[in-house]
1. Scanning the chain for GluC sites (Glu not before Pro) in DSSP loops with at most 13 other Cβ atoms within 10 Å, what's the longest stretch left with none?
2. Counting only DSSP beta bridges with both residues in the range 63-216, what percent are antiparallel, rounded to the nearest 5?
3. Which shape class, rounded, prolate or oblate, goes with the range 124-207 when its Cα gyration tensor gives a ≥ b ≥ c as root eigenvalues, a/c under 1.5 marks rounded, and past that a/b bigger than b/c marks prolate?
4. Under 1.5 on a/c is rounded, so check that first for the range 23-150, then, if it is not, pick prolate when a/b is larger than b/c and oblate when it is not; a ≥ b ≥ c are the square roots of the alpha carbon gyration tensor eigenvalues.
5. Any chance you could check the Cα centroid distance between the range 30-66 and the range 138-183 for me, in angstrom?
6. Does the range 147-192 come out rounded, prolate or oblate by the C-alpha gyration tensor, with a ≥ b ≥ c the root eigenvalues, rounded set by a/c under 1.5 and, if not, prolate when a/b is larger than b/c and oblate if not?
7. To the nearest 0.05, what FRET efficiency results for Leu171 and Gln62 with a Förster distance of 22 Å applied to their C-beta separation?
8. For the chain, with all protein chains present and a 1.4 Å probe, just round the carbon and sulfur fraction of the accessible area to a whole percent.
Amino acid sequence: MLRLRFFGENKKPKILCLGAHADDTEIGCGGTILRLIEETPEAQFYWVIFSGDEKRGKEAYQSASVFLNEAELKVIDVQHFRESYFPFVGAKIKDYFEKLKKQFSPDIIFTHYKYDAHQDHRLISNLTWNTFRDHFILEYEVLKYDGDLGTPNLYVHLNESHVRRKIDSILKIFETQKENQWFTEETFRSILRIRGVESNSPSKYAEAFYCRKIVF
Ligand SMILES: [Zn+2]
């Protein structure tokens, strides 16, 4: 099987992480981010969270700082667009994307899945593709009530340490989510285990993505 390296000879890859809500990015691709930093500590990160009231905004910032702790260069930007109303404030979010494009030219982008059932997630996914035309974009998945999981086509194997760090950090930092029945170790580990089975991961765990276009 051909195993792809994310960046080849690129020693300072630029990575853009986009999440509609405070914990989306960590849930969707937190383990992959930890693995990327371990393998490429010189990577430069631009991490955007598009919504968050005072409490959620603080959690988002704190969590991004923990996940990016060992990255040498990082920008964390917590925006405050109105949660659940993204399609109705889409023009302002589009303006933000236009500015972002001028500030940061990413080698890889992590964003939401095109067919995600949450309207905020979908808008961020659509604007990502609308803004970045020939970039390497990976769409992550977020388990939810709507039952919108699909069949991803790109897998990143994670070892037990990545899994442990990802889940422990999410459970510790996002206190505002503790009352939700889905906010448990079991939930987060089970999706990683399923994707691990699908990709025959030696460590049993993987995160999975949708890759719609690759440009060489
Ligand atoms: Zn979300």
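1. Working: sites that count: Glu9, Glu42, Glu70, Glu72, Glu179.
After excluding every exposed loop site, the longest remaining stretch is 73-178.
2. Details: 7 of 12 bridges.
Counting DSSP beta bridges with both partners in the range 63-216, the antiparallel share is about 60 percent.
3. Numbers: a/c = 1.79, a/b = 1.23, b/c = 1.45.
Oblate shape, in that a/c is at least 1.5 and b/c is the bigger or equal ratio.
4. On the way: a/c = 1.33, a/b = 1.27, b/c = 1.05.
Here the range 23-150 falls in the rounded category.
5. 14 Å
6. Details: a/c = 2.69, a/b = 1.30, b/c = 2.07.
Here the range 147-192 falls in the oblate category.
7. Working from the Cβ atoms, E equals 0.95.
8. Details: 5610 of 10980 Å².
With neighbouring chains kept in place, the figure for the chain is 51 percent.
The values are calculated or read from the model by the stated rules, or taken from the named source; none is laboratory data. Everything quoted here is computed from the prediction, not taken from an experiment. For neighbour counting, all protein chains shown are included, and Cβ atoms are generated from backbone atoms with ideal geometry for every residue, glycine included. Remember, those area values only see protein heavy atoms, side chains included, never the ligands or the DNA or RNA. Shrake-Rupley method; radii C 1.70, N 1.55, O 1.52, S 1.80 Å.
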